[in-house]
Number of protein chains: 2
Amino acid sequence: MTQTLEPDTTAGATAEATDAADDASARVTGWLGELESALAAHDVAAAAGLFATESYWRDLIAFSWNFTTVEGREGVTDLLTHTLEPTGASGFALTEPAEEADGVTTGWFGFETAVGRGRGLVRLVEEDGPKAFTFLTTMYELKGHEEPRRTRRVKGAEHGADKDRKSWAERREEETEALGSTRQPHTLVIGGGQGGIALGARLHQLGVPALVIDSHDKPGDQWRSRYKSLCLHDPVWYDHLPYLKFPDNWPVFAPKDKMGDWLEFYTQVMEVPYWSRTRATKATWSEADGTWTVEVDRDGEQVTLHPSELVFATGMSGKANVPTLPGQDVFAGEQHHSSAHPGPDAYAGKKVVVVGSNNSSFDICGALWEKGADVTMVQRSSTHIVKSESLMEYGLGDLYSERALDAGVTTEKADLIFASLPYRIMHRFQIPAYEAMAEVDKDFYDRLEAAGFDHDWGDDGSGLFMKYLRRGSGYYIDVGAAELVANGDVELAHGQVDHLTESAVVLADGTELPADLVVYATGYGSMNGWVADLVDAETADRLGKCWGLGSETTKDPGPWEGEQRNMWKPTQVPHLWMHGGNLHQSRHYSLYLALQLKARYEGVDTPVYALQEVHHTA
Amino acid sequence: MTQTLEPDTTAGATAEATDAADDASARVTGWLGELESALAAHDVAAAAGLFATESYWRDLIAFSWNFTTVEGREGVTDLLTHTLEPTGASGFALTEPAEEADGVTTGWFGFETAVGRGRGLVRLVEEDGPKAFTFLTTMYELKGHEEPRRTRRVKGAEHGADKDRKSWAERREEETEALGSTRQPHTLVIGGGQGGIALGARLHQLGVPALVIDSHDKPGDQWRSRYKSLCLHDPVWYDHLPYLKFPDNWPVFAPKDKMGDWLEFYTQVMEVPYWSRTRATKATWSEADGTWTVEVDRDGEQVTLHPSELVFATGMSGKANVPTLPGQDVFAGEQHHSSAHPGPDAYAGKKVVVVGSNNSSFDICGALWEKGADVTMVQRSSTHIVKSESLMEYGLGDLYSERALDAGVTTEKADLIFASLPYRIMHRFQIPAYEAMAEVDKDFYDRLEAAGFDHDWGDDGSGLFMKYLRRGSGYYIDVGAAELVANGDVELAHGQVDHLTESAVVLADGTELPADLVVYATGYGSMNGWVADLVDAETADRLGKCWGLGSETTKDPGPWEGEQRNMWKPTQVPHLWMHGGNLHQSRHYSLYLALQLKARYEGVDTPVYALQEVHHTA
């Protein structure tokens, strides 16, 4: 997140710089050659010997058909012992000049396996010769199943004369009508927000018969239906969907309705097979048939689908966490979870208590205050806040910004650089960025604390992104509402809610907060809650907790997993997949999920290395 | 069209190549420096002396606030005598290494004027030192009115707390409601096909209150409503709209319905102010008010608009040319112009006579034959045909293809290279390409002629693109239907239509062609026909013929104009503009048209050099 590759584009590069680059390239080429030889000789020990004492190999489906990070020579040995033979990796070659900085040589490379083509990024350090400190391998396409892009794109017009010609519109209509009736989808994607749409687009490109279903009236309503002032909290450079980037006039932080429009039209022009106003009501796996049976309600019509693979793209936040509190039944006002909050318009002049102090709470408190409501935020535990501008500058700027693009860091490169930083040590790269933010925004944090706000920087000071990866909560990207808390415009109360009365929220210390409306900005459960609802509790438990790294920090119990639990990769429930995350994750990881599904659709052998065990059921 | 700039990206470029590139760059830099000095000294003669005996300076609004090509030192002298002072051009500088090939040194440069920033392309030849053979100058932005793109893009989210906050959707709704009622559009664009949409997008970006009106139900229906088998005849790389390129999985030749979806999507996400189901019925200029009064029918509601500038984007093809023939009133079958042809579905087994032998005729004949109609094409005069694949390879491949992109020729660069070739000598670059096509497709042409088809290569052998620029007709880009004529599946008849009987078309030589349907694929008139309808005949005559170069070839009477008549530039009718052409022209030239309109909106002085005279009224 903080280390970039900045190709030397200075026209007047000195001869020394050129020589250094040549040396760096030679070093990486040499290392790749040794790796190639070791793999060709099936010499696992020799290959493992190319890694440094502290080292991390992250593989995204190229060797492991899994998302896997192994550590040290022991980890490499284990990975290769299981995967060297079936993978048949070869052809490792530098794809652009390598670079050296601070004793680390970084090189981009390509390679292939028996069934696919890959790319990767290696960082070499000196330890009795060049040794890999980090090694990323990813597959980007299956041989014989390349996507129809660039020179492979379809022609569109079918030249020549053909008495049986069907127009594009006719073919598309036939396909649309057949899917789910005379032709079963191979993959059913439940949930058509950005995650489902991105995956649907990739599967369509790959020729996998897939169907995305969603309960809203149309694509994009997942965003449009949220509270009025909502804008993306991540900047545009981080948020592109696959294949079709936002144009360069797109707002830095897209307003939710504009994002909704984009998703709707993306779905249309990418020809994502998509059923709106459709809810899955029951899913059952039949081992005998080798398919799921999924009952769906399509705008009132009952349809039974038989997909081979089932993907939950229902939101990584999972199901709403609505606390059960004494007195909720006697409270005379309105109460709802943040996910059901309609926006502030109806609450001008009303007393509102918002329980919780993370992103949703701040956004909702800010919008309510703007509309003239009398707002109190109830902080139950400490929260981490960073100012949006600072996060862009210190957190993302090297990878996702105009500055990064100018330096040659395309979105695709940024995604791989991002992916190349092992989760185990990612906090090391994060801590300095947040220290810098603490320094530059010191006034802001001082005021916030003076107002009594309980602020933290994460268990180890590693800030927002690690909180996101570990627990998916506990923070606010400040776009202005924190100032309202700091200056008292939004009142602050502390502690757990004890009960509700007819007209107030009462905290554990007896504080009584009069309320016409209570908003529970109390977050979300694990995604496997959706599985419990749709399949059954046993399957949800077998799948286990989704999200988190096992970092043994708050709300992310161990043991260490090395990758995010259950996301985008095979789970303990065969033929069931979890997809989600922010736009960046939906974009990048949908590639590997789509390739995994494509391989299964085509009958390509996909031996999974180190299938994750389940340690927590929720 | 055939000359490209291929930056030397070979890693192992030899020292000699580097030296040659350095020399080329030094040559261009020296030349630009001399130009700069001459301009600074207001020394027109010295500046003109920097041009070769045969030379062409094409300016797109940077110096001339016009589309202008001047020729030789005399032309340069005239241009600079009128424009040097007000333009205030300076800061000419090479923007990337220059290149030398076959005695021509080519260099990209940037510059600025008193009011704007420009870029250009110069080709130097040796004539007592380096002299300009071609010199292209274009303005791409007005100072102080830069477009909100990349680092200037809008933020979207308005950080901070604001009691008067309006969401993006609310603001957009307010603007939409105000436009045309409480707020008059500065520019009214009549016609919302690709031309109107591209211009509307640019004007929106530039902050010009503009409105695009169109009679169809929604954007894209201009394409959707055409005959079923229609696909773009130009390849995708040539067809991008401004700001948002087709993704790299887009078909080479997009089917019309897919193109329609894209245009609809584009209009929405680019926030083009657009009224569908709207027809302009009358337009009058009031000199006293300095505005047009335009009556429009908006889905049944009568609205009066008062724009300052009026743009016709009603299709460069102009109004349908329907021949008046004896017997049309007694003919018992169906008859319609090609633009009204609904596609083949209703005509299986029917006898169809298609009058004309250009693009529309071939497309319609092919589709009818595929559906099982008995089709005869009436060829009235010779037609030029090229195979689509050959046109892509020999005609466009160096500029608009994956090959071009791989060589660093972006769409934006290709557009400028294309624009840098003066119309006066463009045929010279075209002839060899068509000679190559004649050679490679010899079998095809032999068969076509054996079938009696009257084929030509243009008056001077310069082929399709020159025909397009000169007369906008007389050719077919073969996507398969020519084969049907060659093999006799579509029958061929020759000559003018003399009259119709109750059941047949009768040709001048007496040939009787039985017909259930007659399609008049007889082309279109000049765009000023639209002006006659909407304003009056006097204004249409004052405007004069649109399109054509004055090449004194068939259907393009002289005198030589140097630029396309009346397109994208000031006309003899103040505040009235013509916009149109293929997707390439709509994309590129809408930039200069939008900047001309923006300058007028902002009150920037726009002295027009060499306003075109009118030599033909239709």
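The values are calculated or read from the model by the stated rules, or taken from the named source; none is laboratory data. As the structure is a prediction and not an experimental result, all values here were calculated from the model. Don't worry about glycine lacking a Cβ; one is built from the backbone with ideal geometry, like all the others, and counts go over all protein chains shown. In case anyone asks, the SASA skips ligands and DNA or RNA and just uses the protein heavy atoms, side chains included. Shrake-Rupley method; radii C 1.70, N 1.55, O 1.52, S 1.80 Å.
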Could you tell me which of the residues B:533, B:541 is open to solvent by 20 Å² or more (accessible area, probe 1.4 Å), outside any strand (DSSP E or B) and under 28 Å from residue B:260 (Cα atoms)? B:533
Give the residue, chosen from B:343, B:315, B:327, B:349, that is within 14 Å of chain A (Cβ to nearest Cβ) and either open to solvent by 10 Å² or more (accessible area, probe 1.4 Å) or part of a strand (DSSP E or B) (or both). B:349
If you take the residues of the stretch A:440-453 that are in contact (Cβ under 8 Å) with a residue 40 or more places away in the chain and farther than 22 Å from residue A:233 by Cα, which of them is surrounded by the most Cβ atoms within 10 Å (Cβ to Cβ)? A:451
When every residue in the stretch A:70-102 that is of a type outside the set (Ser, Thr, Tyr) and within 14 Å of chain B (Cβ to nearest Cβ) is compared, the one farthest from residue A:19 (Cα to Cα) is A:93
Cβ-Cβ distance below 7 Å, separation of 6 or more or different chains: which pairs start in the stretch A:520-547 with a residue that is within 14 Å of residue A:280 (Cα to Cα) and without any contact (Cβ under 8 Å) to a residue 12 or more places away in the chain and end on one that is hydrophobic (A, V, I, L, M, F, W, C) and open to solvent by less than 10 Å² (accessible area, probe 1.4 Å)? A:532/A:540
Could you list, in sequence order, all residues of the stretch A:417-439 that are small (Gly, Ala, Ser) and touching a residue at least 60 places away in the same chain (Cβ under 8 Å)? A:419, A:420, A:433
Can you find even one residue in the stretch A:294-301 that is under 20 Å from residue A:196 (Cβ atoms), more than 8 Å from chain B (Cβ to nearest Cβ) and open to solvent by less than 10 Å² (accessible area, probe 1.4 Å)? yes
Can you tell me which residues in the stretch B:368-396 are facing chain A (nearest Cβ under 10 Å), open to solvent by less than 30 Å² (accessible area, probe 1.4 Å) and in contact with a His (Cβ under 9 Å, 6 or more places away or on another chain)? B:388
With a cut-off of at least 3 residues that are under 20 Å from the mean Cα position of the chain (by Cα) and under 23 Å from residue B:486 (Cα atoms), name the helices (runs of 4 or more DSSP H) lying wholly within the stretch B:372-474. B:463-470
Taking the condition of being in a strand (DSSP E or B) and crowded, with 24+ Cβ neighbours inside 10 Å, how many residues in the stretch B:23-54 meet it? 1
For residues in the stretch A:141-165 being basic (Lys, Arg) and at the interface with chain B (Cβ under 7 Å from one of its Cβ atoms), which is most open to solvent (accessible area, probe 1.4 Å)? A:163
Which condition breaks for residue A:137 when tested against (1) within 28 Å of residue B:229 (Cα to Cα); (2) more than 12 Å from chain B (Cβ to nearest Cβ); (3) surrounded by 18 or more Cβ atoms within 10 Å (Cβ to Cβ)? (1)
Only one residue in A:522, A:571 is away from chain B (no Cβ under 14 Å), open to solvent by less than 30 Å² (accessible area, probe 1.4 Å), within 30 Å of residue A:443 (Cα to Cα) and part of a loop (DSSP other than H, G, I, E, B). Which one? A:522
Taking the stretch A:481-519 and keeping only residues that are open to solvent by 10 Å² or more (accessible area, probe 1.4 Å), within 14 Å of chain B (Cβ to nearest Cβ) and in a loop (DSSP other than H, G, I, E, B), one is left with A:487, A:488, A:489
Which of the residues belonging to the stretch A:303-312 are within 14 Å of residue A:280 (Cβ to Cβ) and open to solvent by 30 Å² or more (accessible area, probe 1.4 Å)? A:304, A:306
Applying the selection to the stretch A:321-362, what residues are of a type in the set (Val, Ile, Thr) and either touching a residue at least 12 places away in the same chain (Cβ under 8 Å) or within 17 Å of residue A:227 (Cα to Cα) (or both)? A:322, A:330, A:352, A:353, A:354, A:355
Can you tell me which residue among A:283, A:346, A:320, A:332 is in contact with a helix residue (DSSP H, G or I) (Cβ under 6 Å, 6 or more places away or on another chain) and more than 23 Å from residue A:575 (Cβ to Cβ)? A:320
Candidate set: the stretch A:217-240, residues that are in contact with a strand residue (DSSP E or B) (Cβ under 9 Å, 6 or more places away or on another chain) and at the interface with chain B (Cβ under 7 Å from one of its Cβ atoms); chosen: the one surrounded by the most Cβ atoms within 10 Å (Cβ to Cβ): A:229
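Among the residues of the stretch A:166-185, write down those that are open to solvent by less than 90 Å² (accessible area, probe 1.4 Å) and assigned to a helix (DSSP H, G or I).
A:168, A:169, A:170, A:171, A:172, A:176, A:178
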Any idea which of (1) open to solvent by 10 Å² or more (accessible area, probe 1.4 Å); (2) touching a strand residue (DSSP E or B) at 6+ places or on another chain (Cβ under 6 Å); (3) under 18 Å from residue B:398 (Cβ atoms) is the one residue B:420 doesn't satisfy? (1)
Kindly evaluate residue B:272 against the criterion of being over 25 Å from the mean Cα position of the chain (by Cα) and crowded, with 22+ Cβ neighbours inside 10 Å. no
Name the single residue, out of those in the stretch B:241-275 being assigned to a loop (DSSP other than H, G, I, E, B), in contact with a strand residue (DSSP E or B) (Cβ under 8 Å, 6 or more places away or on another chain) and more than 7 Å from every other protein chain (Cβ to nearest Cβ), that is farthest from residue A:201 (Cα to Cα). B:273
Go through the stretch A:330-340 and give me each residue that's open to solvent by 30 Å² or more (accessible area, probe 1.4 Å), of a type in the set (S, T, N, Q) and closer than 22 Å to residue A:507 by Cα. A:335
By residue number, the members of the stretch A:166-197 that are among the hydrophobic types (A, V, I, L, M, F, W, C) and either over 22 Å from residue A:597 (Cβ atoms) or within 13 Å of chain B (Cβ to nearest Cβ) (or both) are A:168, A:169
